[in-house]
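*Asks:* What follows is a single structure, and I will ask about it in a moment.
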Amino acid sequence: MSGSKPVAQQLRDILDGEQNQPFEGSGCSDHVRRRNLRMTVTAALVLLVLLVALLAV
């Protein structure tokens with residue numbers, strides 16, 4: 001992967017929504033990327049709350 005951006009910069013671009021790489025088969029890459037990120041974070045938070053609740057019982 002010579003000549004590519006550093007990983008930290010790629011992550012910043014993805015989180016800021018500035019990376020313009022098309023999602024194959026769809027014209028809504030930003031929507032898909034942001035929705036998947038939001039769903040992943042939400043699922044992680046739900047699992048964390050569940051874990052804390054199980055440990056507290």
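The values are calculated or read from the model by the stated rules, or taken from the named source; none is laboratory data. All values reported here derive from a predicted model rather than from experimental measurement. For the accessible areas, the whole protein counts, side chains as well, though only heavy atoms, and no ligand, DNA or RNA atoms are used. Shrake-Rupley method; radii C 1.70, N 1.55, O 1.52, S 1.80 Å.
*Asks:* Leaving ligands, DNA and RNA out of it, rank ARG12, ARG38 by accessible area with a 1.4 Å probe, largest first.
*Replies:* On the way: ARG12 130, ARG38 155 Å².
Greatest to least solvent exposure: ARG38, ARG12.
*Asks:* With a 1.4 Å probe and every protein chain left in place, tell me how much accessible area VAL46 has, in Å² to the nearest 10.
*Replies:* Ignoring ligands and nucleic acids, VAL46 comes out at about 90 Å².
*Asks:* Sticking with this structure for a sec: Using only protein heavy atoms and a 1.4 Å probe, report how much of LEU50 is accessible, in Å² to the nearest 10.
*Replies:* Approximately 90 Å² of LEU50 is accessible to the 1.4 Å probe.
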